[in-house]
1. Looking only at region 23-48, count every residue that is open to solvent by 30 Å² or more (accessible area, probe 1.4 Å) and under 13 Å from the mean Cα position of the chain (by Cα) and tell me the total.
2. In region 109-125, which residues are outside any loop (DSSP other than H, G, I, E, B), touching a strand residue (DSSP E or B) at 6+ places or on another chain (Cβ under 7 Å) and surrounded by fewer than 16 Cβ atoms within 10 Å (Cβ to Cβ)?
3. Which residue, of 77, 63, is open to solvent by 50 Å² or more (accessible area, probe 1.4 Å), assigned to a strand (DSSP E or B) and β-branched (Val, Ile, Thr)?
4. Please specify each residue of region 126-135 satisfying the condition of being of a type in the set (D, E, K, R) and outside any strand (DSSP E or B).
5. I'm trying to understand the selection: among the residues of region 184-227, which are free of Cβ contacts under 8 Å to residues at least 24 places away in the same chain, open to solvent by less than 50 Å² (accessible area, probe 1.4 Å) and farther than 23 Å from residue 47 by Cα?
6. I'd like to verify a number: residues in region 85-98 that are at pLDDT below 95 and either among the hydrophobic types (A, V, I, L, M, F, W, C) or not in a strand (DSSP E or B) (or both), how many?
Amino acid sequence: MNAPIKDARPPGGFRRIAGPVARGLTQALLLLAGLAGTVLGFTWFVGGYDAVGAYRRAPVCGTPAATPGTDCLLHETGKVTARFIRRGDDDSYELTVARETAPEHGYSVGRAFYDDAQVGADLDLSVFRGRVSELSYQGHRAQNPITPWLTAFQVALLAGLGSALTAQGLAWWRSGLQALPFGAAVFVVFCSFFAGLFLMSAQWPSAVTLGVPVLSWLVVTVGIAAGAMGED
């Protein structure tokens, strides 16, 4: 008598459990990857913000606060060698300045600064890490901060990728893989680049500088996730 052949397939109960577990694990991994990338992006953002304003917090070279091995602010004298006005919808004013320890270079200044600083005038220069960070002359001041192009681009890429992965993770349980989060990431990257560049350069209080992009990222990411869940 032939013995009955048992069904070799996994029992139905196991399949019912395995499906939700796999979906839950996938969702957790997407959320973890998205949030980790976003946190790294905001960490670089804070680093860029600090780098732009570092000269303002640096001690003056030669003072007790300027301990050995730390960056300090060096004061030099520069001489105006040429003056230019770049005409346009909004005229810009530029002074060419020769430094004591470096070749001459052009710097943008305000109109009042430009009018008073004639060729031959001696300017006070604040030099940080070998670069002129600020010029002053008879009460006029002109800042010459760095522009963190690369940092802004890197932060924007991580913000876009983090938003896409996080939104996909939020929507995964209900909708599975959707194209919307990754398409919207292009918009996030574009906006994050220009917003990040502006905020790092503006040097507003750190709470505002970090709070605005974090809140914006959260609102946009949740909106993308909601849109993805509605794509069924």
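1. 7
2. Those that are outside any loop (DSSP other than H, G, I, E, B), touching a strand residue (DSSP E or B) at 6+ places or on another chain (Cβ under 7 Å) and surrounded by fewer than 16 Cβ atoms within 10 Å (Cβ to Cβ): 111, 112, 116, 122, 124.
3. Numbers: 63 fails: assigned to a strand (DSSP E or B).
That would be 77, the only listed residue that is open to solvent by 50 Å² or more (accessible area, probe 1.4 Å), assigned to a strand (DSSP E or B) and β-branched (Val, Ile, Thr).
4. Here is the first cut: in region 126-135, the residues of a type in the set (D, E, K, R) are 129, 131, 134.
129 - this is the single residue of region 126-135 that is of a type in the set (D, E, K, R) and outside any strand (DSSP E or B).
5. Once the filter is applied, which keeps residues that are free of Cβ contacts under 8 Å to residues at least 24 places away in the same chain, open to solvent by less than 50 Å² (accessible area, probe 1.4 Å) and farther than 23 Å from residue 47 by Cα, region 184-227 yields only 223.
6. Looking only at that region, the number is 5.
The values are calculated or read from the model by the stated rules, or taken from the named source; none is laboratory data. All of these numbers come straight from a predicted model, not from anything done at the bench. Glycine also receives a Cβ, built like all others from the backbone with ideal geometry; neighbour counts cover every protein chain displayed. Heads up: the accessible areas ignore ligands, DNA and RNA and are worked out on the full protein's heavy atoms, side chains in. Shrake-Rupley method; radii C 1.70, N 1.55, O 1.52, S 1.80 Å.
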